[in-house]
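The values are calculated or read from the model by the stated rules, or taken from the named source; none is laboratory data. Just so it is clear, the structure is predicted and the values come from calculations on it, not from any experiment. In this analysis, Cβ positions are derived from the backbone assuming ideal geometry, glycine residues included, and neighbour counts consider all displayed protein chains. Ligands, DNA and RNA are stripped out before the accessible areas are found, and what is left, the full protein with its side chains, is counted by its heavy atoms. Shrake-Rupley method; radii C 1.70, N 1.55, O 1.52, S 1.80 Å.
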Amino acid sequence: MTPPPEIDAATQARLEAVCAAGWEFWETFDRTVRERGFHAFIPAEYEQVCEALVAHFVPGRRFLEWGSGSGVITILAGIIGYDAVGIELDGALVETARGLARRFGSSARFVHGSFLPSGFRWHAAHGVRNPEQTGDGRSGYIELGAALDDFDVVYGYPWKGEEAMMRALMREYGRRDAVLLLNDTIAGVRSFMDDRPVS
Ligand SMILES: C[S@@+](CC[C@H](N)C(=O)[O-])C[C@H]1O[C@@H](n2cnc3c(N)ncnc32)[C@H](O)[C@@H]1O
């Protein structure tokens, strides 16, 4: 694999500032929205995901985040140099992400919709579906003007039991040479290519 690029001090400072803003937003969101009831947005450890994004960066690579929440990870990817987009089902979070992107001068784009392609149907092998966790909506790829196999690096943070669904999505709709990054609360960020773990 090509060695990861060096991140200069100014870029590192920008990445850290985005993470700090993300944690600040999360604190408020947790205290207000999540206190009132369940919400599917829970952030990954941004700093760990950022390391994985740097490790897999090659100029020209396109990045997609499934369920981009407040947008932090897609914005980090854009600052690293990816052509970065996020799809998120909650319209208010999409607005937050766009605001954060503007604040940090990021070219990251956000689409309101579902990361599930319109033809995708859950079946038993994808696990038991909990619609509170992965919800339904108009497929975001339409507005994006791109399909899953247009992306080189795809990132998701599956809820417990939903990893099989995300791996199936890549097998069925992604490119075989694309990297799938899956965040796991315990194992951290794991990388897959052609549905096999890669280091
Ligand atoms: C566990 S959070 C992960 C947030 C962010 N990706 C991260 O790693 O920090 C899952 C996010 O997916 C969103 N979501 C749930 N179902 C979705 C769907 N079908 N399409 C797009 N986003 C969805 C939720 O609203 C939530 O923001």
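Structure values in brief
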quantity	calculated
Length-normalised contact order of the chain in % [C-alpha pairs under 8 Å, at least 6 apart]	17
Carbon/sulfur fraction of accessible area - the chain, other protein chains in place, 1.4 Å, %	52
Percentage relative contact order, the range 43-105, counting C-alpha pairs under 8 Å, at least six apart	33
Å² of accessible area per residue within the chain, as computed with a 1.4 Å probe and no ligands counted	50
Added length on full extension, which subtracts the Cα-Cα distance from 0.36 nm per residue, GLU51 to ALA20	9.6 nm
For the chain, calculated [θ]222 nm from helices alone, where every DSSP H run of n ≥ 4 adds -39500 (n - 2.57)	-11500 deg cm²/dmol
Whole-Hz couplings from phi, Karplus 6.51/-1.76/1.60, listed for the range 121-130; x for Gly and Pro	10, 5, 9, 3, 5, 7, x, 7, 7, 10
From phi via Karplus (6.51, -1.76, 1.60), per-residue ³J(HN,Hα) for the range 34-41 in Hz, x at Gly/Pro	6, 5, 7, x, 4, 9, 6, 8
Under Karplus coefficients 6.51, -1.76 and 1.60, residue-wise ³J(HN,Hα) of the range 134-150 in Hz, glycine/proline x	10, x, 9, x, 5, 4, x, 5, 5, 5, 5, x, 8, 10, 4, 7, 8
Assigned charges on the beta-carbon of Lys, Arg, Asp, Glu; the chain dipole about Cα centre (debye)	360
Cα centroid separation, the range 6-60 to the range 180-199 (Å)	18
At least 20 Å along the helix axis (C-alpha) and Kyte average at least -0.5, DSSP helices within the chain	9-31
Cut-off under 5 Å, modelled amide H: who pairs with ASP184 long-range	VAL189, ARG190
